[in-house]
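This report concerns only the one structure given below.
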Amino acid sequence: MLSLTKITAIRKKYPALLLNGRNTMVNLNELIQQLTLEEKAELLTGGDFWHTRAIERLEIPAIMMSDGPSGLRKQEKESDHLGIYGSTPAVCFPSSAAVAASFDTALAQKLGCVVGNECQAEGVALLLGPGLNIKRSPLCGRNFEYYSEDPVLAGQMGAAMVEGVQSTGTGSCIKHFAANNQETDRMVGDSVVDERTLHEIYLAPFEAVVKEARPQAVMCAYNKVNGTFCSENGTLLTDILRSAWGYQGMVVTDWGAVKNRAVGVRAGLDLEMPGGSRRGIQQVLDAVAAGTLTEAEVDRAVYNVLKLVQTGIENHHPDAVFDRAADHDFARHIAEECAVLLKNKDSVLPLTEESSVALIGDFAAAPRYQGGGSSHVNSAYISRAVDCMPKGMSWTRGYDQGSDTSDRTLLEEAVAAARKADAAVILAGLPERYESEGVDRTTLEMPANQNELIEAVSDVQPNTIVVLYNGAPITMPWLDKVAAVLEMYLPGDGVGAATMDLLYGKANPSGKLPETFPQKLAHTPSWFNFPGENGITEYREGVFVGYRYYDAKEMDVLFPFGYGLSYTSFAYSNMTVDRSRMGEGETLRVQLTVINTGKLPGKEVVQLYVAPPAGMRRRPVRELKSFAKVALQPGERREITFELNARDLAYYEPLLHDFYTPTGCYEIEVGASSRDIRLRKEVSFTAERPLPRMFTEYSTLADVVSDPKD
């Protein structure tokens, strides 16, 4: 098989494949004409588990793909897509759930640069990630791989990540397109979603990344959407992705997602992965022979595959170096930026090194730092909390993370240690067996032995601090009894050192929750429709996902979307808008001042929401439209500027099959979370086009006279 190591020879032998510029399409089309139909069909199926197929007769090389984006999972020998077999030693970065909590697009872009460079050093041309699926339910077993319950946050963080990866020459493949929001029946399940909800919530992050970052590849999901498998869904792959959004890259299947290869090609699917079987090849050949698939449709898909190969060869940097030590340090830094301080009663944090502290928890010696499944990284080095303890801190195990049942000896040892100390730090959360690719969670609770431990320790130690390692929300029955809670999510290889830096104030928590933590599972908007029945999942909650639901219901939650504390404090003031009226094609500039009113340096995430007027369609109370993270010294103030356009005020109108901004007064809100709005301004919008109304023989007179056209 040809590989990236033969680039020089390939360039000399067959320059048409490798040329840049205006003639690229012509050159690739000329190359396609030299391929036999069977070779074309072969190119549309992988050569093995991780490579495209080489055509040695024409010196067409193979390029390699690898799982991501939490770190490089390059498999040299035995291969799989569930993280079962080993992979090259690499660096595990915080999961996407953690990265989203940073609300820092510059950080996400830098992460993309680092991972993209690692791919270059290892000869990987395409990184499979990031995942852009919305966290519809906190029970989804793969939520740690996804950014948020909010499409704007997911889209902006995803676009930054893709831009970073592709700036190194490595391609990025966004996934899983689309409405892949659960692991139950993920290979065959049908996501039944109305048109408005699909575009407004579940497609929106993909649209943003496609238009802003231009990823080289899009991975279609296993599931069906409204009755048609994503790998065969022409509405998704052609009408929306290519025609409406202008996407020009390659579409690849999730591994093993193909049902009928020929139908997929006709719908807009280019590459089937993994390779190793002639089933798909033969289906393409048979369909062309039968006239149900044209060779022109095959050529279109072949062109997209060849363009990906061409780009991978052209952009390869053989001198790239994978500096594992430096990347590990960066993983630690990211973890510190992503941590969310949920509670800090009487400023018990940060700790001082003069205090005696009882460190408790199995996770201190065997940390939970990454998710299970295809994103599982073979970490070269893991920082453990027990190896980073300062003077004055001692460790007891407290619980066995492999069990849900309390060990009385371990529990009593932990309580005794906590009673003698000035403070107790309990490392707790979800073991990998609780959340992993391939299976959904059934509860929001942590293992019973951990909850019992926290209750027992907090009974004897008022300064009990809980540090959480989990990929998605949990319930906290002990919340009122503990002094502080620090949410780390799944923080990657730097877990131990980052945890200690945050606890002792060497780093100031600045993360915000990218999802709502509900009080209990029955409160979640998809409660009655997750994971569905008989392979069908109806998205009956519509656009009311996450905070959109809780805020509309005025429902108490454990912690709201966008929430997070700091060791310092911030004040917002002087909000202005540059216009009070706005129309199509115009932008609105929003400015405000943020000041660090505390005594320590820190970072604040300023969140901008739009509250729409009442109208024909029911809309959320408010929706996140932009955000900015700012670093401030004590007493320092900074002016923050946002820009909004008509799309930022819009919703998706099924009558128009498009986004629509109705006439009315909109409130522009700025705050520290969806429940902590600090400043407001009102802006009126005037629509240029009226909204069409649907009248029937049963319409009332009131309906007719309310039509603005009358």
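The values are calculated or read from the model by the stated rules, or taken from the named source; none is laboratory data. Predicted model only: the values in this text are computed from it and were never measured. Cβ sites come from the backbone with ideal geometry, for glycine too, and all protein chains shown count toward neighbours.
A search for C-beta distances below 6 Å between a residue of the range 308-319 that is buried (at least 19 other Cβ atoms within 10 Å of the Cβ) and any residue that is at pLDDT 95 or above and among the small types (G, A, S), counting only pairs 6+ apart in sequence or on different chains, returns G312/A125. When V557, V545 are screened for being under 26 Å from A646 (Cβ atoms), of a type in the set (V, I, T) and buried (at least 17 other Cβ atoms within 10 Å of the Cβ), only V545 passes. Checked against the criterion of being modelled with pLDDT under 75 and surrounded by 10 or more Cβ atoms within 10 Å (Cβ to Cβ), the candidates R693, R678 yield just one match: R693.
A366 meets each of the listed conditions (1) among the hydrophobic types (A, V, I, L, M, F, W, C); (2) at pLDDT 95 or above; (3) surrounded by 22 or more Cβ atoms within 10 Å (Cβ to Cβ) apart from (3).
Across the range 686-706, a minimum of one residue is classified as in a strand (DSSP E or B) and either touching a residue at least 12 places away in the same chain (Cβ under 8 Å) or among the acidic types (D, E) (or both). Residues in the range 30-56 that are under 23 Å from E297 (Cβ atoms) and in contact with an Asp or Glu (Cβ under 8 Å, 6 or more places away or on another chain): 8 in all. Return the residues of the range 277-309 that are under 36 Å from the mean Cα position of the chain (by Cα) and of a type in the set (V, I, T); say none if nothing qualifies. Residues satisfying the conditions are I281, V284, V298, V302, V305, V309. Looking for something more than 23 Å from N143 (Cβ to Cβ) and touching a Leu at 6+ places or on another chain (Cβ under 6 Å) - is there at least one such residue anywhere in the range 433-445? Scanning the range 433-445, I find no residue that is more than 23 Å from N143 (Cβ to Cβ) and touching a Leu at 6+ places or on another chain (Cβ under 6 Å), so the answer is no. Among the residues of the range 445-457, the ones that are buried (at least 23 other Cβ atoms within 10 Å of the Cβ) and either more than 20 Å from G402 (Cβ to Cβ) or polar (S, T, N, Q) (or both) come to 2 in all. Applying a threshold of 8 Å to beta carbon distances and a minimum spacing of six or more residues, or different chains, the list of pairs starting in the range 291-305 at a residue that is without any contact (Cβ under 8 Å) to a residue 60 or more places away in the chain and of a type outside the set (G, A, S) and ending at one that is surrounded by 13 or more Cβ atoms within 10 Å (Cβ to Cβ) and assigned to a loop (DSSP other than H, G, I, E, B) reads N304/G249; N304/D270. Filtered by the rule that a residue be surrounded by 18 or more Cβ atoms within 10 Å (Cβ to Cβ) and in a loop (DSSP other than H, G, I, E, B), the range 413-444 gives A421, L430, P431, E435, E437, D440, R441, L444. Could you tell me whether T475 is in contact with a Lys or Arg (Cβ under 7 Å, 6 or more places away or on another chain), within 30 Å of G68 (Cα to Cα) and of a type in the set (S, T, Y)? In short, yes. Where strands (runs of 3 or more DSSP E) fall entirely within the range 559-640, those with at least 3 residues that are within 30 Å of L503 (Cβ to Cβ) are at 570-577, 588-596, 602-611, 623-632. Of the listed requirements (1) part of a loop (DSSP other than H, G, I, E, B); (2) under 19 Å from A424 (Cα atoms); (3) touching a strand residue (DSSP E or B) at 6+ places or on another chain (Cβ under 8 Å), V377 misses just one: (2).
Go through the range 91-106 and report how many residues are more than 14 Å from P491 (Cα to Cα), of a type outside the set (D, E) and either in contact with an Asp or Glu (Cβ under 9 Å, 6 or more places away or on another chain) or not in a loop (DSSP other than H, G, I, E, B) (or both). Residues meeting the conditions: 2. Is there a residue being over 30 Å from N508 (Cβ atoms) and of a type in the set (S, T, Y) anywhere in the range 685-696? Within the range 685-696, one or more residues are over 30 Å from N508 (Cβ atoms) and of a type in the set (S, T, Y).
Of the candidates G246, G268, the single residue that is at positive phi and either touching a helix residue (DSSP H, G or I) at 6+ places or on another chain (Cβ under 6 Å) or basic (K, R) (or both) is G268. Here A325 does not fit the description of being assigned to a loop (DSSP other than H, G, I, E, B), surrounded by fewer than 19 Cβ atoms within 10 Å (Cβ to Cβ) and either at pLDDT below 95 or small (G, A, S) (or both). Only one of the listed residues (N260, N304) is closer than 27 Å to S374 by Cβ and surrounded by fewer than 18 Cβ atoms within 10 Å (Cβ to Cβ). That residue is N260.
Does A296 satisfy the criteria of being modelled with pLDDT of 95 or more and within 30 Å of I63 (Cα to Cα)? So A296 fits the description; yes.
Of the residues L359, L410, the single one that is among the hydrophobic types (A, V, I, L, M, F, W, C), over 30 Å from Q75 (Cβ atoms) and crowded, with 20+ Cβ neighbours inside 10 Å is L359. A498 passes every criterion in (1) over 20 Å from L153 (Cα atoms); (2) under 20 Å from the mean Cα position of the chain (by Cα); (3) not β-branched (V, I, T) apart from (2).
Residues are listed down the side, and each one gets a yes or a no for (1) at pLDDT 95 or above; (2) buried (at least 22 other Cβ atoms within 10 Å of the Cβ); (3) outside the structural domain of Y303 (by TED's automatic domain parsing):
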site: N29; (1), (2), (3): no, no, no
site: E42; (1), (2), (3): yes, yes, no
site: G46; (1), (2), (3): yes, yes, no
site: I63; (1), (2), (3): yes, yes, no
site: L72; (1), (2), (3): no, yes, no
site: E76; (1), (2), (3): no, no, no
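I'm checking my understanding of the structure. Among residues of the range 459-494 that are over 28 Å from A380 (Cα atoms), in contact (Cβ under 8 Å) with a residue 40 or more places away in the chain and assigned to a loop (DSSP other than H, G, I, E, B), which one is nearest to the chain's Cα centre (by Cα)? The residue in question is P473.
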